[in-house]
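Data block below; observations after.
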Amino acid sequence: MMARNEQKMKGKLEVLEKRFPKITTRAVVCDFSDVCVIADYRKIVEEQLSDIDIGVVCLNAGIATEGPVALISDQELENEIRVNGLHPVYLGKVLLETLMNRKQRSALIVTASIMSFMVNPGGCAYSSTKAFVSNFWQGVHFEAKDKVDVLVWTCGGVRTKIFADSIGAEGAAKL
Ligand SMILES: NC(=O)c1ccc[n+]([C@@H]2O[C@H](COP(=O)([O-])OP(=O)(O)OC[C@H]3O[C@@H](n4cnc5c(N)ncnc54)[C@H](OP(=O)(O)O)[C@@H]3O)[C@@H](O)[C@H]2O)c1
């Protein structure tokens, strides 16, 4: 598992290990809003994951910033583009290369969003990054289909932490 919050990640892995005692897990700390180039993702994968035979990759992390582009901060916009747009493409490319070299069939699943189909004033970075990764990985599906099943999940609304993180707990409770 790769995530930014080591304590939370370890808690989730402990739950999985208790439920499935035969599995082994590994926590790799990575804040996707800090990584901007493929070379950095390649270094993380080479140093921390190259000894594992990865068969299924799920690229799920995402954030949602609310507000008109002219009013949100530079950092909010950059973070959203890095987390929602760059990480699924850059980390996904590095891991796709390892999947393509496996003997067995593999899978790569990217969480996009129903918002990838919509123009979304007030959430332009969200819908456009989701459209970007959705289009990108749908193309890769055809390139890789002899060896890897590539699935883009364009899910609809689900009550999760993403809303509280973007519009606050009070607003999220009204959804
Ligand atoms: N909820 C919906 O209605 C909905 C609809 C369509 C698509 N989606 C997509 O579904 C995916 C999962 O979201 P969710 O709804 O389950 O919300 P969530 O509970 O907030 O999950 C988002 C995950 O992304 C991680 N993340 C955020 N920023 C990160 C960063 N800089 N580095 C590493 N990890 C980071 C979060 O880690 P922390 O726990 O450390 O915050 C969290 O585990 C996202 O891609 C989202 O866009 C959600």
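Among the numbered conditions (1) outside any loop (DSSP other than H, G, I, E, B); (2) touching a Ser or Thr at 6+ places or on another chain (Cβ under 9 Å); (3) small (G, A, S); (4) surrounded by fewer than 18 Cβ atoms within 10 Å (Cβ to Cβ), the only one that A39 does not meet is (2).
The residues listed here are G168, G139, G157; of these, the one that is within 14 Å of the ligand (Cβ to nearest atom), out of contact with any helix residue (DSSP H, G or I) (no Cβ under 9 Å at 6 or more places or on another chain) and not aliphatic (A, V, I, L, M) is G168.
From the list E76, E97, pick out the single residue that is within 25 Å of F163 (Cα to Cα), at pLDDT 95 or above and not β-branched (V, I, T). Let's see the steps before the verdict.
Details: E97 fails: within 25 Å of F163 (Cα to Cα).
Going through E76, E97 in turn, the sole match is E76.
Given the residues D51, D31, which is the only one that is part of a loop (DSSP other than H, G, I, E, B), among the charged types (D, E, K, R) and exposed (fewer than 11 other Cβ atoms within 10 Å of the Cβ)? Every option except D51 fails the conditions.
Among the residues of the range 1-28, just one is exposed (fewer than 10 other Cβ atoms within 10 Å of the Cβ), of a type in the set (K, R) and in a loop (DSSP other than H, G, I, E, B), namely K22. Screening I44 on (1) more than 21 Å from I81 (Cβ to Cβ); (2) more than 15 Å from the chain's Cα centre (by Cα); (3) surrounded by 13 or more Cβ atoms within 10 Å (Cβ to Cβ) shows it passes everything except condition (1). Among residues of the range 63-84 that are within 25 Å of R159 (Cβ to Cβ), those with a Cβ under 7 angstrom from a residue that is of a type in the set (D, E, K, R) and at pLDDT 95 or above, sequence gap 6+ or separate chain, pair up as I63/E80; T65/E76; T65/E80; N84/K130.
The values are calculated or read from the model by the stated rules, or taken from the named source; none is laboratory data. Just so we're clear, the structure is a prediction, and the values are computed from it rather than from any experiment. Neighbour counts are summed over all protein chains in view; Cβ atoms, including those assigned to glycine, are modelled from backbone coordinates with ideal geometry.
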